[in-house]
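One structure is given below, encoded as structure tokens.
The values are calculated or read from the model by the stated rules, or taken from the named source; none is laboratory data. Every value quoted in this text rests on a predicted model; they were computed, and no experiment measured them. Cβ coordinates were reconstructed from backbone atoms using ideal geometry, including for glycine residues, and neighbour counts include every protein chain displayed.
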Amino acid sequence: MQRSERVRLGREFVQNPHELYRELRSDAPVSPALAWGGVPVWLVTGYDEARQLLGDPRLGKDFHRVIGLFPPELAGAHSTPMSEHMLSADPPDHTRLRRLVSKAFTAHTVTRLRPAIERIADDLLDAMSGDAAVDLIEAYALPLPIRVIGAMLGVPSADHPRLRDWIDPLLVDQADPTKYVEAQTELAVYLVELIADKRGRPDEDLISMLIRATDQGDQLTETELINMIFLLIVAGYETTVNLIGNGVFALLNDPTRLDQLRTEPTLLPDAVEELLRFDSPLNTATNRYTTVPVTIGNVTIPANRLVLISLLAANHDDTRFPDPHTVDPRRPSNPHLAFGHGIHYCLGAPLARLEGRIALGRLIERFPGLTLDPAAPSPVYRNSTLIRGLVTLPVRLSRSRVSTGPGLSPGNVTLAARNRHEPAS
């Protein structure tokens, strides 16, 4: 069935998307919608439809074509000098870029980062008082990935705070275009200098590997190299922050599952996969457009239309995931779409998984009495259609284990917490 009217994806939707997603999945899993203040898009909410379209070569991601489908008054906000990278490219450009980067982004590169990630997590946890109220996003979820990315790229540790200062204005919910442009310009200048230094003094870091990466004599141009590093910084940072924050929030609202992980730490890898499914770091995949008319089910999306594929909605489709609004680390089958699907499947997925396992495991081990802070306002999600992440996560730290009774969560449970206990769609 095709809806004739367009649903509007506004601030209320950002805070509570599940209600609309349940309705659309049962009524019209491919629906017309209005996003970003009124831009017409096609919203995909069903699992089968999302997986099919994520791998459909008829949907393009070319940066210039996508921007051309935005109204002129909004196109500038979505167009920046470093926006032309692998994630906004189609074959053959995408194929070439990914092949070059894959040579540096190997399993060995990720695995050898484990000791560094463990040290970073321990350092951040050491800085937290044993019994205190903290914002876990600010104290843990934000600084951990920025230090990991810095170490991976070979950014000197003294420059990590500057890296954080440049990235913050680039987050998708920031509304100040002047700060956005300034931050991106300063970051670009810094990367040019850092790349020049790595050319003269190469090491085993990722930037040095990207400089050396070749394929049949081909290699990244200077612009491609800068834009690729920018993509790795922003995408890797954003996803991991939200994986940690959303994951801890989900567990604190389900103390039985949290206690299960405390007593069975071997469940942690499966738990991370389930948390990625349950509250995906991305609400929607990045922008796509139809290069030709695309028929899916009984709906035909005309050519040259923007398409938003909701990873969060697909991961809560009860035709694929029984009881999808419940966290279940023992879920027997979990082919979630949190990292996408097809040729644009997230290249950094192994690193995000490793960071998630270490960050959650170390936190649960260090503070077995961790709870939400009942005196703090309920956490809210950032105002973004793309990103699914909390602004803050106020918690109470405790090294003493507590009862897993119903009083663990605060009385003013957020929309996200309530949604999990509502009947499945």
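Determine whether region 265-288 contains at least one residue that is over 17 Å from the mean Cα position of the chain (by Cα), in a loop (DSSP other than H, G, I, E, B) and surrounded by fewer than 15 Cβ atoms within 10 Å (Cβ to Cβ). Within region 265-288, not a single residue is over 17 Å from the mean Cα position of the chain (by Cα), in a loop (DSSP other than H, G, I, E, B) and surrounded by fewer than 15 Cβ atoms within 10 Å (Cβ to Cβ).
The requirement of being surrounded by fewer than 18 Cβ atoms within 10 Å (Cβ to Cβ) and free of Cβ contacts under 8 Å to residues at least 24 places away in the same chain is satisfied by P302.
May I ask you to verify whether L171 is closer than 18 Å to Y237 by Cα, buried (at least 18 other Cβ atoms within 10 Å of the Cβ) and either modelled with pLDDT of 90 or more or of a type in the set (A, V, I, L, M, F, W, C) (or both)? It is false that L171 is closer than 18 Å to Y237 by Cα, buried (at least 18 other Cβ atoms within 10 Å of the Cβ) and either modelled with pLDDT of 90 or more or of a type in the set (A, V, I, L, M, F, W, C) (or both). Of all residue pairs spaced 6 or more apart or on separate chains, those with beta-carbon atoms under 6 Å, a first member in region 245-271 that is touching a residue at least 12 places away in the same chain (Cβ under 8 Å) and a second member that is in a helix (DSSP H, G or I) and of a type in the set (V, I, T) are G245/I137; L261/I364; R262/I364.
Just one of Q219, Q260 is in contact with a helix residue (DSSP H, G or I) (Cβ under 8 Å, 6 or more places away or on another chain) and over 22 Å from L125 (Cβ atoms); which is it? First the steps, then the outcome.
Working: Q260 fails: over 22 Å from L125 (Cβ atoms).
None of the other options fit; the residue is Q219.
If I ask for residues that are part of a helix (DSSP H, G or I) and loosely packed, with under 13 Cβ neighbours inside 10 Å, which ones from region 198-212 would you list? Correct list: R199, G200.
Taken over region 380-399, the criterion of being assigned to a loop (DSSP other than H, G, I, E, B), surrounded by 20 or more Cβ atoms within 10 Å (Cβ to Cβ) and in contact with a Pro (Cβ under 7 Å, 6 or more places away or on another chain) is satisfied by R388, G389, L393. Somewhere in region 85-97, is a residue surrounded by fewer than 19 Cβ atoms within 10 Å (Cβ to Cβ), in a loop (DSSP other than H, G, I, E, B) and touching a residue at least 40 places away in the same chain (Cβ under 8 Å)? Yes, because at least one residue in region 85-97 is surrounded by fewer than 19 Cβ atoms within 10 Å (Cβ to Cβ), in a loop (DSSP other than H, G, I, E, B) and touching a residue at least 40 places away in the same chain (Cβ under 8 Å).
Identify the residue in region 189-210 that is β-branched (V, I, T) and touching a Leu at 6+ places or on another chain (Cβ under 7 Å) and, among all such residues, is modelled with the lowest pLDDT. Only one residue fits best here, namely I207.
Total residues in region 11-67 satisfying the condition of being assigned to a loop (DSSP other than H, G, I, E, B), among the polar types (S, T, N, Q) and either at pLDDT below 95 or over 22 Å from the mean Cα position of the chain (by Cα) (or both): the figure is 1. Scanning region 68-109 for residues that are modelled with pLDDT under 90, closer than 22 Å to I167 by Cα and among the small types (G, A, S) gives A75, G76, A77, S79, S83. Residue check: is E238 surrounded by fewer than 23 Cβ atoms within 10 Å (Cβ to Cβ), charged (D, E, K, R), part of a helix (DSSP H, G or I) and under 22 Å from the mean Cα position of the chain (by Cα)? Considered against the rule, which asks whether it is surrounded by fewer than 23 Cβ atoms within 10 Å (Cβ to Cβ), charged (D, E, K, R), part of a helix (DSSP H, G or I) and under 22 Å from the mean Cα position of the chain (by Cα), E238 comes out as yes. Taken over region 320-343, the residue count meeting the criterion of being surrounded by fewer than 15 Cβ atoms within 10 Å (Cβ to Cβ), in contact with a Lys or Arg (Cβ under 8 Å, 6 or more places away or on another chain) and assigned to a loop (DSSP other than H, G, I, E, B) is 1.
The numbered conditions (1) farther than 30 Å from Q15 by Cβ; (2) part of a helix (DSSP H, G or I) are all true for A183 except (1).
The combined condition, being aliphatic (A, V, I, L, M) and buried (at least 19 other Cβ atoms within 10 Å of the Cβ), is fulfilled by L243.
Residue-wise test of (1) free of Cβ contacts under 8 Å to residues at least 12 places away in the same chain; (2) closer than 30 Å to L370 by Cα.
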residue: P143; (1), (2): no, yes
residue: W166; (1), (2): no, no
residue: V181; (1), (2): no, no
residue: A188; (1), (2): no, no
residue: G200; (1), (2): yes, no
residue: M209; (1), (2): no, no
residue: T221; (1), (2): yes, no
residue: I226; (1), (2): no, no
